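Contents: one structure, followed by commentary.
The values are calculated or read from the model by the stated rules, or taken from the named source; none is laboratory data. Bear in mind that the values here come from a model prediction, so they are computed numbers and not experimental data. Cβ placement follows ideal geometry from the backbone for every residue including glycine, while neighbour counts extend to all protein chains displayed.
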Amino acid sequence: MSAGRALWRRVPAWAVDAGLVALAVLDAWVNLYDEGTPLVWSCVALGSAALFLRRRFPLTVVLLTLPMTLFMDVAVAPIAALYTLAASTRNRPLLAGCALLNAAVGTLAWPLSDALTGDRTWTLVEFVYTLATAITPVLFGQLVQARHDVALQLVEVEEAREHERALHAQNVLARERAQLAREMHDVVSHQVSLIAVQAGAMQVAAKDPDAREAARTIRSLSVDTLDELRHMVTLLRASGGKETELAPQPTLADLRQLIANSGIETTLTGELPADISTTAQRTVYRTVQEALTNVRKHAPGARAEVRLWHDAHHFGVTVTNTAPTRPSVALPSARHGLIGLKERAELLDGTLTAEPTPQGGYQVELRAAARPD
């Protein structure tokens, strides 16, 4: 089945349309035999040739096939036109109107006086039959359109799940690093502090110059070790889930690339001070990354705006998205991403807010105190 579908997709569109035009002409010729007048053949030529334009102007092609339907019992041209229209629009009242119009024209006989003086019961039966024939390609076109929409949603679901798994892995790493940071701060730093205190006391109490120098060296090394531990604890707490802090970390310079690769129509405005810390830059980057990921997962088709801002005392970023243009697929979420962003904001003495907007969208805002690195 998949091999046949792949082979069918390799056929050029113009070849498919040319085949439909040939079938439409053959269908008309079979039904006309030798009774065709120049007017009838003109309608056949117009309706059949219009199939070349069915992909660009489907409604116009449906209307151009009606004259040939009035003169003969043709099926290829009107069915192809109705199917193309149904596969390209979601306007169901329009589709119902076109099906009714096709059935009405197909039921009439030329000249019209013959149709109006005939058996009305048989005319009604023929109308119902013709209407069923017209509705069939409409339903099939809608089915194909729905299948295409489902396929797109499945792709979005898979992408969202990949992002969810990546974020979950990052959150697990962040929790492990936070736990390691607490252990280093509460246990190791405490022990080294005691060593420094004891060495200082020994330096004061020692009478031997060599012992005093040794105590001074121990105290100096302990103080340096405490500084290194504090720096490591800060790095571990600010880590966002990368496998190692030695790997290149994102900064504000990477924001445009992040937005370009997000797959969302996004505008970037404003700027931040050039002297904000690298930790703050990573926090801004991660906030934008998480917000755009949530837009892709929960607001399909929405547009987003990333606004960087700062004043004398604060700086931050606001990510706002519009309402979704199509329904989203419900995905399991433990909201680990927003929790991690709030922890990052707290490290900067800031806050993170996430709430819906009155217009049906969503807004995520990071606000942090302005301070140099």
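In region 289-312 there is no residue that is part of a loop (DSSP other than H, G, I, E, B), polar (S, T, N, Q) and modelled with pLDDT of 85 or more. Of all residues in region 220-243, none are in a loop (DSSP other than H, G, I, E, B) and at pLDDT 90 or above. Annotation: ILE195 fulfils all but one of (1) surrounded by 11 or more Cβ atoms within 10 Å (Cβ to Cβ); (2) not in a helix (DSSP H, G or I); the unmet one is (2).
Which one is surrounded by the most Cβ atoms within 10 Å (Cβ to Cβ), of the residues in region 155-185 that are of a type in the set (A, V, I, L, M) and over 19 Å from VAL295 (Cβ atoms)? Result: ALA174.
Pairs linking a residue in region 271-290 that is surrounded by fewer than 22 Cβ atoms within 10 Å (Cβ to Cβ) to a residue that is among the charged types (D, E, K, R), with Cβ atoms under 6 Å and 6 or more positions apart or on different chains, are SER277/ASP373. Scanning region 115-135 for residues that are exposed (fewer than 15 other Cβ atoms within 10 Å of the Cβ) and at pLDDT 80 or above yields a count of 3.
Could we say that VAL25 is touching a helix residue (DSSP H, G or I) at 6+ places or on another chain (Cβ under 8 Å), assigned to a helix (DSSP H, G or I), at pLDDT 80 or above and of a type in the set (Val, Ile, Thr) here? Considered against the rule, which asks whether it is touching a helix residue (DSSP H, G or I) at 6+ places or on another chain (Cβ under 8 Å), assigned to a helix (DSSP H, G or I), at pLDDT 80 or above and of a type in the set (Val, Ile, Thr), VAL25 comes out as yes.
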